[in-house]
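Have a look at the structure below, then the notes.
The values are calculated or read from the model by the stated rules, or taken from the named source; none is laboratory data. Everything numeric here is computed off the predicted structure, so don't read it as measured data. Neighbour counts are summed over all protein chains in view; Cβ atoms, including those assigned to glycine, are modelled from backbone coordinates with ideal geometry.
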């Protein structure tokens, strides 16, 4: 185990102490969702046990405590991604909701024959909403393809034009494990007058994020992929753009004044947060941000790199195993998708589960990419702060054992 992140971290995650099929659990499905440390769970429980009240609506003590904690978490999220103001930090249900809100704005500005650029590696959350808005407005959805398991920047440059109105790209692929140069892409997008949208679901949990440095117009993240609870996320948007955007949902909380026939909206960021929000989730997300901040995102990233440096060559050495995405350790994050020749990924994942190793199998909500790779599905191991080199060894040993079993050599 690296000295950067001590093994004691695992003591904060009681779920990892489980025995699965008579084997210690090696949880390697972190790209789908991460486990929650006791510090986050305690904050979640504390809200319901001591501070449960609605926010922004009451002057009694519980309401004021809940509101203070809720808005303190917004400030923590602002600092975590280095937004200029909390006005630019909207609480959502997650990355999917954030991207849908962006395409709602796109619906207001796109015209016939405009173009939206995405990549072939995008998660369905960054594909389907754009398909729908382009279909509705007569705009065109333009794909950028791959080179050497990563984004083909030459292809992207060739497709940018005055017709391009939005560029929406994943910061990190949830299948290929590559990091896309979104700062460079943002500069290119802005040169043609397009908005830059970043799907940060797989980057925010693993590296330092500075939305001002990236110069993006929108950035989305999901709390459950970074130690927080499900049902909470963040959409960052530039203040001047959010002021132009219409709310997506209407009702209580987001209004300034309701007349009989029309209403006016309150200020940012609450203009977008209609109804009772996920108060407990937002407060617990703040606790998750505290946990990661205390560890240091540079150490989080270094720890993951050390694990990948250790396990990727071992996986590549297994005869008949194909790893997707960049083959160089330096270009590969802790998301490693693979297939074993002659075996269905679901069979591989089931066999690994018998060994206590939890991985994902399927199309990973990235069917255009899976089809482009010429496969039907893949297995995927993904690492996080509580994973160890022992987990890496268990993965490799379980894959070899699975291969030998199905080949009849065991």
Item checked: All positions within segment 55-87 that are at pLDDT 95 or above, out of contact with any strand residue (DSSP E or B) (no Cβ under 9 Å at 6 or more places or on another chain), in a loop (DSSP other than H, G, I, E, B) and crowded, with 16+ Cβ neighbours inside 10 Å -> 55
Checklist line | Selection within segment 343-357 - part of a loop (DSSP other than H, G, I, E, B) and touching a helix residue (DSSP H, G or I) at 6+ places or on another chain (Cβ under 8 Å) | finding: 343, 355, 356
Margin query: Being crowded, with 19+ Cβ neighbours inside 10 Å and in contact (Cβ under 8 Å) with a residue 40 or more places away in the chain is the requirement here; does residue 315 meet it?
Written below: no
Note to self: Going through 312, 242, 235 one at a time, which residue ends up being in contact with a helix residue (DSSP H, G or I) (Cβ under 9 Å, 6 or more places away or on another chain), farther than 15 Å from residue 34 by Cβ and in a strand (DSSP E or B)?
What the structure shows: 235
Check: Does residue 199 count as touching a strand residue (DSSP E or B) at 6+ places or on another chain (Cβ under 6 Å), free of Cβ contacts under 8 Å to residues at least 40 places away in the same chain and assigned by TED's automatic domain parsing to the domain that holds residue 163?
Finding: no
Item checked: Top-ranked residue in segment 393-410 [being out of contact with any helix residue (DSSP H, G or I) (no Cβ under 6 Å at 6 or more places or on another chain), closer than 25 Å to residue 307 by Cβ and surrounded by 13 or more Cβ atoms within 10 Å (Cβ to Cβ); ranked as modelled with the lowest pLDDT] -> 403
Next item on the list: Check segment 248-255 and report whether any residue there is farther than 30 Å from residue 37 by Cα and in a strand (DSSP E or B).
Entry: yes
Notebook entry, point to check: Pick from 28, 99: which is within 26 Å of the chain's Cα centre (by Cα) and under 30 Å from residue 348 (Cα atoms)?
Noted result: 28
Margin query: Given (1) within 18 Å of residue 206 (Cα to Cα); (2) part of a strand (DSSP E or B), identify the lone condition not met by residue 339.
Written below: (1)
Check: Any idea how many residues of segment 114-132 are out of contact with any strand residue (DSSP E or B) (no Cβ under 7 Å at 6 or more places or on another chain) and surrounded by fewer than 19 Cβ atoms within 10 Å (Cβ to Cβ)?
Finding: 3
Next item on the list: For segment 13-43, name all the residues that are part of a strand (DSSP E or B) and within 22 Å of residue 200 (Cβ to Cβ).
Entry: 29
Note to self: Checking the condition in the same structural domain as residue 82 (by TED's automatic domain parsing), on the phi < 0 side of the Ramachandran plot and either under 22 Å from the mean Cα position of the chain (by Cα) or free of Cβ contacts under 8 Å to residues at least 12 places away in the same chain (or both), which residue from 210, 215, 267 passes?
What the structure shows: 210
Note to self: Would you confirm whether or not segment 358-370 contains a residue that is in contact with a helix residue (DSSP H, G or I) (Cβ under 6 Å, 6 or more places away or on another chain), at pLDDT 95 or above, within 20 Å of residue 405 (Cα to Cα) and assigned by TED's automatic domain parsing to the domain that holds residue 318?
What the structure shows: yes
Notebook entry, point to check: For residue 285, are the conditions met, namely being over 30 Å from residue 404 (Cα atoms) and either in contact (Cβ under 8 Å) with a residue 40 or more places away in the chain or touching a helix residue (DSSP H, G or I) at 6+ places or on another chain (Cβ under 8 Å) (or both)?
Noted result: yes
